[in-house]
1. For Leu53, all conditions in the list (1) within 28 Å of Val144 (Cβ to Cβ); (2) surrounded by 15 or more Cβ atoms within 10 Å (Cβ to Cβ); (3) without any contact (Cβ under 8 Å) to a residue 60 or more places away in the chain; (4) not basic (Lys, Arg) hold save one; what is the number of the exception?
2. Restricting attention to region 114-123, does a residue exist that is of a type in the set (Asp, Glu), touching a residue at least 24 places away in the same chain (Cβ under 8 Å) and more than 22 Å from Ala17 (Cβ to Cβ)?
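Taken together, the values in this text are just the output of simple stated rules run on the coordinates, not laboratory data. Just so it is clear, the structure is predicted and the values come from calculations on it, not from any experiment. We place every Cβ from the backbone using ideal geometry, glycine too, and count neighbours over all the protein chains shown.
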Amino acid sequence: MPHDAASHHDISARLQAAAQACAQNGTQLTALRREVLELILQAQTPVTAYQLLDQLKPIRKSAVPPTIYRSLEFLLENKLIHKIERLNAFVPCAEADHHHADAQFLICKNCGAVIEIEDYGVSEALAQAAAKHGFTPSRAVVEVDGLCAACAAKPAKQA
């Protein structure tokens with residue numbers, strides 16, 4: 001599912017579900033964490049910590065990088081968002097009710113769109129390959145660069 005505003009039909013429902021999931025885990029979705037998650041849910045493309053900080057500054061004058069990073073760390077630990085390592089940016093988990101650590105992402109190198117896929121075959125193959133080496137992974141994130149369907153369908157620009 002692409003990570004854009006249309007993919008997150010009801011942001012308030014997603015925020016409420018996140019608060020409930022945190023409560024069930026014995027944690028709390030504080031106001032700042034909620035605001036950070038809401039900005040990520042509203043984003044059209046992956047957002048960086050500093051983009052989030054810039055968006056928060058008008059409503060939270062006291063927002064500074066460490067507070068943003070702590071909120072992002074909390075949201076990652078609670079599997080509400082994913083970090084796109086190559087972009088050093090964040091996207092919401094595509095499945096509101098299925099929070100998982102392992103994910104695969106298709107990243108369009110032209111428009112920046114990110115599509116999260118959940119292929120258990122890929123996850124299992126990585127786990128088996130790790131096991132052959134006596135390695136126990138804590139999480140596995142696969143990022144594939146390429147062109148999304150919309151960009152691939154566009155004619156190439158003439159030089």
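1. Against the list (1) within 28 Å of Val144 (Cβ to Cβ); (2) surrounded by 15 or more Cβ atoms within 10 Å (Cβ to Cβ); (3) without any contact (Cβ under 8 Å) to a residue 60 or more places away in the chain; (4) not basic (Lys, Arg), Leu53 comes up short only on (1).
2. No: region 114-123 contains no residue that is of a type in the set (Asp, Glu), touching a residue at least 24 places away in the same chain (Cβ under 8 Å) and more than 22 Å from Ala17 (Cβ to Cβ).
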